[in-house]
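Below is one structure, written out as structure tokens, with a few remarks after it.
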Amino acid sequence: MSAPVSAPLRVFVQLSYGYGASDWNTRWKKGEIPGINEPYAYGYYRAAGPDAVIVHSEDNPENLFSRLIRYAARLIIGFDFVHAWYNRKGILSADVVWTHTEGQAMAVLLLYRLNPRKHHPPLIAQSIWLMDRWPNQPVWRRIISRSLLSRADLLTFHSPENMKKAEAIFPNSRLECVKFGIRADEIKPYNPLPYNPGDAIRILSLGNDQDRDWKTLIKATSQFPQDMPCHVTIATTNRLKHADHVTQVKASNNDQLLSLYDQAHIVVVPLTSNLHASGITVILEATLRGLPVIATDTGGLRHYFDSQCVCYVPTKDTAALREAILALMRNPEKREEMVKKAQARILSDVNSQHYADRHLSLSQEITSEQCPIPATLFNENKKTPQEQKIVVGIATSGRPALLEETVLELFKQSHLPHQVIVCAPTAADSEGLVPDSRLHILHGPRGASHQRNAILDSVKDADIILFFDDDFLPDRNYLRECAIVFANHSDIAIATGRVLADGAKGPGLSLEEARAIIADAPTSSPQKLPPIEPAWNGYGCNMACRFSIIRETGLRFDERLPLYAWYEDIDFSRRAGRLGRIVRINTAVGVHLGSKTGRTPGKKLGYSQVANPLYLAHKGTYPLDHALRSIARNMTMNIIRSIRPEPYIDRRGRVIGNWLALRDVLGGKISPEKILTL
């Protein structure tokens, strides 16, 4: 019997409006698209075959009103979401989605965010111009871009220069450099236009993007020797400064453009500094038409062609450009050699077939990665619940009496902790505790993230690391229930218990009240709760993590979130959650007292309520829409209740902190660490 054949990968290619498959193909057949183009834009269709089915986006017919709506939406958010919405059926039903620029990628990712309950196919999001434009983007555009694109499964770039800058902006994302290519089905051999000494050198330059340096080209070619005059043809829609030796043209169809190549001796691609391999399409087209190329050495073009294939000159160097043109025209053998080597390079791997095949291989890789998580992270040698070693970590500050009570409760658990590690800023913060073989006391920098990291650094042997706040009172079976769940569900990364009452949402609870609530839990608990259920994040007051993840990945709390470290639990659990499930254990219960001592002052906390969610949105661990809702909710509550503030909350201080953070947002100077100087 023959082996089963796997189904081909269903790929949906989301391109800009105007590049829809049907419309593009019709115009291509008529020769209305200038350049050496494909029957379907960019040649992605070439990946089709036994392993893949390729479907392109289509342009939705528009009237004036619908076009205005699409343009208005694009103006407001910075990308064409309406076009993605019209193609949502194809996007959401695919096995994998490809996009050509960051605009389409962000539109697809926003579509995913608005359809949280639907299956989201992996996205290969290509970025072209974003890194060049990043320094000049308004803060809110950067927030949106980083929040959305950090959710892509893979970010690709045409240039290593582009990718290098993106590494700092998307530190937790996977990045790949994918060489762009065009159709190389027909290659015209080097057949130079006749040139005799004294003839005018026919120079061709093309392009419409903002990185063309026409000024340098015109200046460099205006001072040629009398025995080597030149004439420059520039095909662009941009406005040029008049020069007698320059002719500006606009190629409206493919025949006109190819005719320009055939009437030139050389092609020059003058560029300003950029990161995105600007000019690569012109270099490829010129080479395929058998023309030698001179280009500005910028944008990572050497990643495609070395100096034996293309003659490179420095940016804005008119003398170097002039000498390069003259030297090349005096050496026909070198021109021929350059063209042959450049054409060989195109045939080897700088063409649309390789470009499409690279996308397909990456797609097969990322879809295969959606398989079960490596067993090495989840204790291949399975232990019984009784064998689970649980280390409890407590970061504390300013609550020694309460801390002592919490630690005493831990040693009354039905499943005793393997070790309890307490980290306090000073000895006074842990006064009353006596260290022994099961109770370890550390002193470290003040701040929840710093203290919890100190705890992680000190753990030698554990199956589960469980973080409790110093004011969390667990039921006596809490650790036993955690051990059972982690032993029986090897794919769980993070678990949080069920909080029966949370004093942090009110004036706080006393130990006596907490004990009474726990004692009454069996009769007052909601019925028919599942033992475990999915959770979006772990709650820092009682959060367990499989320690093999900590050991193998080096995962730590983000120390850029200082002091009270607002939302450090969300950041930590969402990062751990990339390696396994996040769940709530409904049988592991406890009460969060919400003690008001040892808290961050109101102004500092108010600043963190704005700064930290935005920082995590930048980082990609907290969706932007969640961040904005959190900020709006907290600011509204602080403003309303500041009229008659609760005696246990500094509402007016929080309002001041909120507004200070908003001021810094508008000035582009916000950071979580700012609270240390308030």
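The values are calculated or read from the model by the stated rules, or taken from the named source; none is laboratory data. Note that the structure is a prediction, hence the values are computed from the model and not measured. Cβ placement follows ideal geometry from the backbone for every residue including glycine, while neighbour counts extend to all protein chains displayed. All accessible areas refer to the heavy atoms of the entire protein, side chains included, with ligands and DNA or RNA removed. Shrake-Rupley method; radii C 1.70, N 1.55, O 1.52, S 1.80 Å.
The set of residues from the stretch 1-34 being touching a helix residue (DSSP H, G or I) at 6+ places or on another chain (Cβ under 6 Å), modelled with pLDDT under 95 and either among the β-branched types (Val, Ile, Thr) or within 17 Å of residue 255 (Cβ to Cβ) (or both) comprises 31, 33, 34. The strands (runs of 3 or more DSSP E) found entirely in the stretch 530-608 that carry 3 or more residues being β-branched (Val, Ile, Thr) are 581-592.
Figure legend. Inter-residue proximity from the stretch 1-15: first residues farther than 22 Å from residue 92 by Cβ and open to solvent by 20 Å² or more (accessible area, probe 1.4 Å), second residues modelled with pLDDT of 60 or more and not small (Gly, Ala, Ser), beta-carbon distance below 9 Å, spacing 6+ or different chains. Indicated pairs: 5/50. Among the residues of the stretch 64-79, those identified as closer than 19 Å to residue 108 by Cβ and either open to solvent by less than 40 Å² (accessible area, probe 1.4 Å) or acidic (Asp, Glu) (or both) are 70, 73, 78, 79. Within the stretch 158-190, the set of residues being of a type outside the set (Gly, Ala, Ser), in contact with a Leu (Cβ under 7 Å, 6 or more places away or on another chain) and not in a loop (DSSP other than H, G, I, E, B) comprises 161, 162, 163, 165, 167, 175, 176, 182.
Pairing residues of the stretch 445-463 that are farther than 19 Å from residue 567 by Cβ and touching a residue at least 60 places away in the same chain (Cβ under 8 Å) with residues that are part of a helix (DSSP H, G or I) and open to solvent by 20 Å² or more (accessible area, probe 1.4 Å), at Cβ distances under 9 Å and at least 6 apart in sequence or on separate chains, gives 459/551; 462/551; 463/387. Only one of (1) over 21 Å from residue 221 (Cβ atoms); (2) within 33 Å of the chain's Cα centre (by Cα) is not met by residue 296, so which one is it? Going through (1) over 21 Å from residue 221 (Cβ atoms); (2) within 33 Å of the chain's Cα centre (by Cα) one by one, residue 296 breaks only (1).
Restricting the stretch 582-601 to residues that are open to solvent by 10 Å² or more (accessible area, probe 1.4 Å) and under 26 Å from residue 429 (Cα atoms), the residue that is modelled with the lowest pLDDT is 598. Cβ separations smaller than 8 Å between residues 6+ apart or across chains give the following pairs from the stretch 417-429 residues that are within 19 Å of residue 484 (Cα to Cα) to residues that are assigned to a loop (DSSP other than H, G, I, E, B) and open to solvent by 60 Å² or more (accessible area, probe 1.4 Å): 417/411; 417/438; 418/389; 418/438; 418/461; 419/438. Of everything in the stretch 278-303 that is in contact with a Ser or Thr (Cβ under 9 Å, 6 or more places away or on another chain) and polar (S, T, N, Q), the residue that is surrounded by the fewest Cβ atoms within 10 Å (Cβ to Cβ) is 298. When residue 656 is tested against (1) part of a helix (DSSP H, G or I); (2) touching a residue at least 60 places away in the same chain (Cβ under 8 Å); (3) more than 24 Å from residue 116 (Cβ to Cβ), just one condition goes unmet, and that condition is (2). If you go through the stretch 632-648 and pick out every residue that is in a loop (DSSP other than H, G, I, E, B) and either modelled with pLDDT under 85 or open to solvent by 40 Å² or more (accessible area, probe 1.4 Å) (or both), you end up with 6.
Once the stretch 89-137 is narrowed to residues that are over 25 Å from residue 165 (Cα atoms), without any contact (Cβ under 8 Å) to a residue 24 or more places away in the chain and among the basic types (Lys, Arg), the residue that is least open to solvent (accessible area, probe 1.4 Å) is 89.
For first residues located in the stretch 242-253 and closer than 14 Å to residue 203 by Cα, partners that are aromatic (Phe, Trp, Tyr) and lie 6+ apart or on another chain with Cβ distances below 9 Å form the pairs 245/224; 246/214. Of the residues in the stretch 554-575, not one is farther than 23 Å from residue 616 by Cβ and polar (S, T, N, Q). Can you say whether residue 272 is under 19 Å from residue 187 (Cβ atoms) and either in contact (Cβ under 8 Å) with a residue 12 or more places away in the chain or out of contact with any helix residue (DSSP H, G or I) (no Cβ under 6 Å at 6 or more places or on another chain) (or both), as far as the supplied structure shows? No, not satisfied. Scanning the stretch 217-229 for residues that are touching a residue at least 24 places away in the same chain (Cβ under 8 Å), open to solvent by 20 Å² or more (accessible area, probe 1.4 Å) and over 14 Å from residue 248 (Cα atoms) turns up 219, 223, 224, 225, 227, 229. In the set 469, 457, 520, only one residue is under 34 Å from the mean Cα position of the chain (by Cα), of a type in the set (D, E, K, R) and open to solvent by 60 Å² or more (accessible area, probe 1.4 Å); that residue is 457.
Checked against (1) open to solvent by 40 Å² or more (accessible area, probe 1.4 Å); (2) under 28 Å from residue 149 (Cα atoms); (3) in contact (Cβ under 8 Å) with a residue 12 or more places away in the chain, residue 629 passes all but condition (3).
For the stretch 629-678, a residue qualifies if it is of a type in the set (S, T, N, Q) and over 11 Å from residue 606 (Cα atoms), and the qualifying residues are 630, 636, 642, 671, 677.
Only one entry in 397, 437 is more than 19 Å from residue 486 (Cβ to Cβ), at pLDDT below 90 and exposed (fewer than 12 other Cβ atoms within 10 Å of the Cβ), namely 437. When the stretch 146-185 is limited to residues that are open to solvent by 70 Å² or more (accessible area, probe 1.4 Å) and modelled with pLDDT under 85, the one that is farthest from residue 301 (Cα to Cα) turns out to be 172.
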